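Shown next, in structure tokens, is the structure this report addresses.
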Amino acid sequence: MSIDFSDQVAVVTGAGTGLGRSHALELAARGAAVVVNDLHNPANDGPSSAQGVVDEIVSLGGAALANHDSVSTPEGGAAIVEAAVGEFGRIDVVINNAGIVRDGSFAKLPLESIHSVLDVHLRAAFYVTQPAFVKMKEQNYGRIVFTTSGAGLFGNFGQANYAAAKTGLIGLANVLAIEGARYGICANSIAPAARTQMNEGLLGDLTDALDPELVSSMVVFLASRECEATGEIYSAMGGRYARVFTGLTTGWFAGFDNRPTADDVLANIDHINAEAGYRVPTDVTTEVDELNAYLREAQG
Ligand SMILES: NC(=O)c1ccc[n+]([C@@H]2O[C@H](COP(=O)([O-])OP(=O)(O)OC[C@H]3O[C@@H](n4cnc5c(N)ncnc54)[C@H](O)[C@@H]3O)[C@@H](O)[C@H]2O)c1
């Protein structure tokens with residue numbers, strides 16, 4: 001194993017089950033001290049799911065701490081990060097993984113389903129990542145992974161709340177990649193598919209192939225010192241890994257002296273849509289680079 005997390009501390013949210021559990025186990029197996037976060041209802045008998053994962057890590061010789069704060073409040077996010085720093089002295093890796101689904105077609109989606117899903121996925125990513133980002137800046141090092149979804153990147157019937165929350169994370173990651181660059185902080189996103197309690201019975205023929213551990217391989221790479229990628233999105237499922245990106249087509253330029261109308265847009269819509277020669281801007285200024293080039297040309 002060359003990727004190693006010795007002397008590093010990782011937080012994995014929603015890590016009592018499913019993908020988060022798998023990420024936590026793999027990070028710990030490679031030497032990270034891991035804060036295993038997940039909800040726990042004290043009224044339930046027995047140890048929490050997070051404590052179960054911690055026990056598993058410790059029995060394999062690793063270091064871990066269970067944390068039961070909710071990601072969906074600012075106090076919870078701060079407490080999760082404080083648990084890492086208080087127990088292990090630093091925070092190198094944050095895997096924003098906790099999640100819920102409350103599906104329903106848009107016209108009938110109750111307000112509660114909109115708020116709860118935005119809270120657990122999108123607001124929570126701010127609550128957990130912001131205090132971690134402050135520590136990472138002080139340390140001049142950090143790796144942040146967000147868990148997005150194909151449902152947001154590409155769309156899926158009945159998941160307007162989930163899709164919006166998951167795609168909001170992409171905007172957050174894009175900005176953290178830019179703001180974190182000078183502090184050695186990388187921020188990336190994964191769009192996974194794996195068999196977990198979240199999608200039980202929904203995966204059909206692919207169920208056996210969609211092992212959560214196959215997603216963790218990409219997550220652990222993105223969490224590592226070796227990862228230099230930032231602001232990227234990777235699809236990871238069933239052993240297939242692929243990059244997802246936002247592209248800008250070459251488009252159609254009307255010329256600075258023209259005032260194109262809606263009819264001109266209609267006449268040129270095929271050019272505007274054509275994918276040949278597309279570019280992948282790294283920030284908002286590179287989006288307008290081409291227009292600046294046209295301007296310089298026009299000014300001679
Ligand atoms: N499984 C998939 O195919 C798939 C596909 C796309 C995206 N995802 C995303 O991957 C992540 C993990 O999902 P999973 O499939 O392992 O589901 P899962 O239900 O097994 O795990 C999610 C965990 O998050 C925890 N959680 C929920 N609310 C929380 C809160 N407020 N605070 C702390 N923990 C909380 C849950 O208790 C649960 O253990 C989610 O963000 C999900 O949206 C999963």
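The values are calculated or read from the model by the stated rules, or taken from the named source; none is laboratory data. Bear in mind the structure is a predicted one, so any value in this text is a computation, not a measurement. As a convention, Cβ positions derive from the backbone with ideal geometry for all residues, glycine included, and neighbour counts pool all protein chains shown.
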Pick from 94, 71, 35, 53: which is assigned by TED's automatic domain parsing to the domain that holds residue 214, in a loop (DSSP other than H, G, I, E, B) and within 14 Å of the ligand (Cβ to nearest atom)?
-> 71
Being among the aromatic types (Phe, Trp, Tyr), under 17 Å from residue 245 (Cβ atoms), in the same structural domain as residue 225 (by TED's automatic domain parsing) and more than 9 Å from the ligand (Cβ to nearest atom) narrows it down to one of 154, 133, so name that one.
-> 154
Exactly one of 161, 156 is among the polar types (S, T, N, Q), in contact with a His (Cβ under 9 Å, 6 or more places away or on another chain) and surrounded by 14 or more Cβ atoms within 10 Å (Cβ to Cβ), and that one is 161
Matching entry among 16, 62 (being assigned by TED's automatic domain parsing to the domain that holds residue 197 and surrounded by 22 or more Cβ atoms within 10 Å (Cβ to Cβ)) | 16
Tell me which residues, restricted to region 14-32, are touching a helix residue (DSSP H, G or I) at 6+ places or on another chain (Cβ under 7 Å) and either within 10 Å of the ligand (Cβ to nearest atom) or closer than 12 Å to residue 69 by Cα (or both).
-> 14, 15, 16, 17, 18, 19, 21, 22, 23
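Could you please find all residues in region 126-180 being basic (Lys, Arg) and within 14 Å of the chain's Cα centre (by Cα)?
143, 166
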Quick one: in region 74-91, of everything that is in a helix (DSSP H, G or I) and more than 16 Å from the ligand (Cβ to nearest atom), which residue is nearest to the chain's Cα centre (by Cα)?
-> 85
Kindly indicate the residue of region 177-195 that is more than 16 Å from the ligand (Cβ to nearest atom) and of a type in the set (Val, Ile, Thr) and also farthest from residue 93 (Cα to Cα) among those meeting that condition.
-> 178
Evaluate region 245-264: report whether one residue or more is surrounded by 10 or more Cβ atoms within 10 Å (Cβ to Cβ), among the acidic types (Asp, Glu) and not assigned by TED's automatic domain parsing to the domain that holds residue 211.
-> yes
Residue check, residue 240 charged (D, E, K, R) and away from the ligand (no atom under 16 Å from the Cβ) = no
List the number of the failed condition for residue 45; all other conditions in (1) outside any loop (DSSP other than H, G, I, E, B); (2) farther than 20 Å from residue 148 by Cβ hold.
-> (1)
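For (1) surrounded by 13 or more Cβ atoms within 10 Å (Cβ to Cβ); (2) in contact (Cβ under 8 Å) with a residue 40 or more places away in the chain; (3) more than 18 Å from residue 231 (Cβ to Cβ), each residue gets a yes or a no:
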site	(1), (2), (3)
173	yes, yes, no
185	yes, yes, no
189	yes, yes, no
194	yes, yes, yes
198	yes, yes, yes
209	yes, no, yes
